[in-house]
Amino acid sequence: MLDDDLRYPIRVSDLKQWAYCARVFYYHQCLPDVRPVTYKMKAGVEAGRAEEGREERRSLRVYGLASGEREFNVPLRSLALGLRGEVDMVITLSDETIAVDYKLSKIPGPHFQMQVVVYGMMLEEMRGVTVRRGFLYSIPDRKAEEVKADKRMRERVRTAIQQMRRIVEREEMPAPTDNLRKCVSCEFRRFCNDVL
């Protein structure tokens, strides 16, 4: 595990957090011993595990697919991106590979979209396939939202990773999020004295 931490210093979940609020990423990377674990975090992990059991029993119709091979909790690594992570599900068809990420949220935001796109990019590197899309599956709504892995999204991912590396190298706290409503339920709220 330590070797993975050195070779792949950024986790995919860090990218998701950075896109939501860069300071959450900063605290995790630069002050790793202070990260509190919240009820929402635990609930999300539990809901994902429970969803996996249901997913094995249902058809792929929610993704608009008739059939496909499913793999769960697939570990991914990307030397090119310097990332490591684990995608909830990979669907393999004869001509397509698709990453699926379960969410305990009803509204999948842009930070979740980046996360599923980067899973696809990592699958491409590891398996030598082309990934054109992924899905965010909302557990409460039991609906899947397609996310295109287009050039614009891929560039957003690469730019984000460059900015994240800069934060870690300089150990420089980024500016707070523009949307202070995010701060209300943030586990790091007490650390951002310049915000609340």
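Worth a mention:
- √(5λ) per eigenvalue of the Cα gyration tensor, region 131-194, largest first, Å: 28, 21, 9
- Low-density loop positions, GluC sites (Glu not before Pro), region 143-196 - DSSP coil, at most 12 other Cβ in 10 Å: GLU171, GLU172
- The distance linking region 157-196 with region 52-119 is 26 Å (Cα centroid to Cα centroid, whole angstrom).
- The radius of gyration of the Cα set in region 66-128, together with its Dmax, comes out at 11.9, 35 angstrom.
- When the Gaussian network model of the chain links Cα atoms closer than 10 Å, the mean-square fluctuations of LEU15, LEU136, LEU81 top out at LEU81.
- Membrane-span-like helices in the chain (whole DSSP H runs, Cα extent of at least 18 Å along the helix axis, mean Kyte-Doolittle hydropathy of at least 0.0): 110-127.
- Equivalent ellipsoid semi-axes - Cα gyration tensor, region 48-100, angstrom: 22, 15, 7
- Estimated 222 nm signal from helices in the chain, with DSSP H stretches of n ≥ 4 weighted -39500 (n - 2.57), rounded to 500: -13000 deg cm²/dmol
- Within the listed set VAL87, VAL74, VAL117, the Gaussian network model of the chain (springs between alpha-carbon atoms below 10 Å) gives the highest mean-square fluctuation for VAL74.
- Note on region 73-187: the alpha carbon radius of gyration divided by the globular reference 2.2 N^0.38 Å gives 1.14.
Since every read-out is calculated from the coordinates, none of them should be taken as a lab result. From a predicted model like this one, the values you see are computed outputs, not experimental measurements. Glycine gets a Cβ as well: all are built from the backbone with ideal geometry, and neighbour counts include every protein chain shown.
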